[in-house]
1. Out of Thr32, Thr66, I need the residue that is closer than 28 Å to Lys128 by Cα and either hydroxyl-bearing (Ser, Thr, Tyr) or modelled with pLDDT under 95 (or both). Which one?
2. For Gln24, which of the numbered conditions (1) closer than 18 Å to Gln82 by Cβ; (2) surrounded by 14 or more Cβ atoms within 10 Å (Cβ to Cβ) fails to hold?
3. Right, Ala9: more than 12 Å from the chain's Cα centre (by Cα) and either polar (S, T, N, Q) or open to solvent by less than 30 Å² (accessible area, probe 1.4 Å) (or both) or not?
4. So which residues in region 104-125 are open to solvent by less than 60 Å² (accessible area, probe 1.4 Å) and either on the phi < 0 side of the Ramachandran plot or in contact with a Cys (Cβ under 8 Å, 6 or more places away or on another chain) (or both), if there are any at all?
5. Arg60 is checked against (1) open to solvent by 70 Å² or more (accessible area, probe 1.4 Å); (2) not in a helix (DSSP H, G or I); (3) not aliphatic (A, V, I, L, M) and fails just one. What number does that condition carry?
6. Tell me which residues, restricted to region 27-57, are within 16 Å of Gln82 (Cβ to Cβ) and open to solvent by 60 Å² or more (accessible area, probe 1.4 Å).
7. Could you list, in sequence order, the residues of region 63-80 that are under 13 Å from Ala119 (Cα atoms) and either among the small types (Gly, Ala, Ser) or in a helix (DSSP H, G or I) (or both)?
Amino acid sequence: MAFNIEDPAFQAGREMRRTLYGDQAVARLEATDDFSEPLEDYVTRAVFGETWTRQGLTVRERAFITIAITAALGTKVPLERQIMAAVNTGATKEDIKEVLLHSTMYIGVASGVEAWQVAIETLKTLGKY
């Protein structure tokens, strides 16, 4: 792999991935092949190491914002991951419900219903429903 593991943004991103998604996310990162390495490097540095670690919003607030955005985009896998991240950082079923209810008012009922279904499935999988 060509990851620059000495890069502070990469190091911070790797630890944020662990915080949000657990050790399996870091293991997946370490198992990256030459095809997906540029994407994983970028996501680790820019998304997790430079954005999720910024001052100004808590990790909890960032998780809630990202749930709302992925619900609006209708992206099932990212929404599942964001719900998992929120739960891993202390969010409750009630928190997720409130984020989705608020989001549904802006993203539309059809998108909201789909997001609620993803949340139900994800929370059940995590044993948090």
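1. Numbers: Thr32 fails: closer than 28 Å to Lys128 by Cα.
The match here is Thr66.
2. It is condition (2) that Gln24 fails.
3. Values: more than 12 Å from the chain's Cα centre (by Cα): yes; either polar (S, T, N, Q) or open to solvent by less than 30 Å² (accessible area, probe 1.4 Å) (or both): yes.
Here the answer is yes, as Ala9 does meet what is asked.
4. Taking region 104-125 and keeping what is open to solvent by less than 60 Å² (accessible area, probe 1.4 Å), we get 104, 107-108, 111-112, 115, 118-120, 122-123.
Correct list: Thr104, Ile107, Ser111, Gly112, Ala115, Val118, Ala119, Ile120, Thr122, Leu123.
5. Looking at each condition in turn, Arg60 falls short on (2).
6. Of region 27-57, the ones within 16 Å of Gln82 (Cβ to Cβ) are 43, 47-48, 51-52, 57.
Residues satisfying the conditions are Thr51, Leu57.
7. In the first step, residues of region 63-80 are kept if they are under 13 Å from Ala119 (Cα atoms); the result is 64, 67-68, 70-71, 74-80.
Answer for region 63-80, where residues must be under 13 Å from Ala119 (Cα atoms) and either among the small types (Gly, Ala, Ser) or in a helix (DSSP H, G or I) (or both): Phe64, Ile67, Ala68, Thr70, Ala71, Gly74, Lys76, Val77, Pro78, Leu79, Glu80.
The values are calculated or read from the model by the stated rules, or taken from the named source; none is laboratory data. In this text, all values refer to a predicted model and were calculated from it rather than measured experimentally. Virtual Cβ from ideal backbone geometry, glycine too; neighbours counted across all protein chains shown. The area values use the complete protein model at the heavy-atom level, side chains included, leaving out ligands, DNA and RNA. Shrake-Rupley method; radii C 1.70, N 1.55, O 1.52, S 1.80 Å.
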